[in-house]
Every structure is written in structure tokens, then in C-alpha cells.
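No value in this document is a laboratory result; all are computed from the given coordinates. Everything quoted here is computed from the prediction, not taken from an experiment. Cβ coordinates were reconstructed from backbone atoms using ideal geometry, including for glycine residues, and neighbour counts include every protein chain displayed.
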Amino acid sequence: MGIALPKAMTLTESAAERVRTLVAKGQENGPDDQILGLRVGVKSRGCSGLSYFVEYAKERKKFEEMVEDKGVKIFIDPAATMFLLGSEMDYVEDALQSGFVFKNPNEKSRCGCGESFNV
């Protein structure tokens, strides 16, 4: 009997609902576009150094962490795992913007416009 490790990432219900919507929309192109879930990662960008990216995941890549939460699958790019551990993915929609936002305990600071962060 081992110790259960915490999930690498969790999702709010709002984020899970948006993932379900996006996956269903991605499936509209037919069986050749089988979407398993969304892939989350980070890339070098912005004034603080790193920014998040979200894309369709058609397969699980080598060394990817897969998180199943609230009935959806999120694949974490292996290069981003150490930056995203313990994060919560949310989906926010308001009068000015809509999109996924991350509550990341690893962030040390964020740029003024909110586009990038550093750890």
C-alpha cells in the first residue's frame, strides 16, 4: 500500500466544462481528428520569461503526465511539469476577456499585463 501522490494539476468545474466543449468541438471534423483532451505547457515568452499554452492533444506524447479530473484529460508537456506542479486550471469569462487562467503556487512574479510569469 503506497502513498497516494497529489495530482500534478487540478481543474475547476468551469475549466472542465470548457475542456469538454472544446474537445466536442474538435471532434466535429470527423473520426480522423480524434481529440483526447488538452495539452498544457509553458514556453519562453513575455517580459517575465514564461507563458502558458493550451492546445488540442490527439495523442499522449512520451513522458507526458496525464491528469484526469472531473471527467476530462489534461496532458502536461514534460518540459513544463516542474513549472506546473500543484497548479489549478480555471476558465474565466467576463466583459473584457475569456480564457484559461492558472493559479500556480510556483510563480514568483508576474508581468504587469499578466501575459507572462517567472518561477
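Worth pointing out:
- The peptide list 94-105, 79-90, 55-66, put in order of mean Cβ contacts within 10 Å with the highest first, becomes 79-90, 55-66, 94-105.
- Positive contributions from Lys and Arg (+1) and negative ones from Asp and Glu (-1), summed over other residues with Cβ under 12 Å from the Cβ of residue 21, come out at 0.
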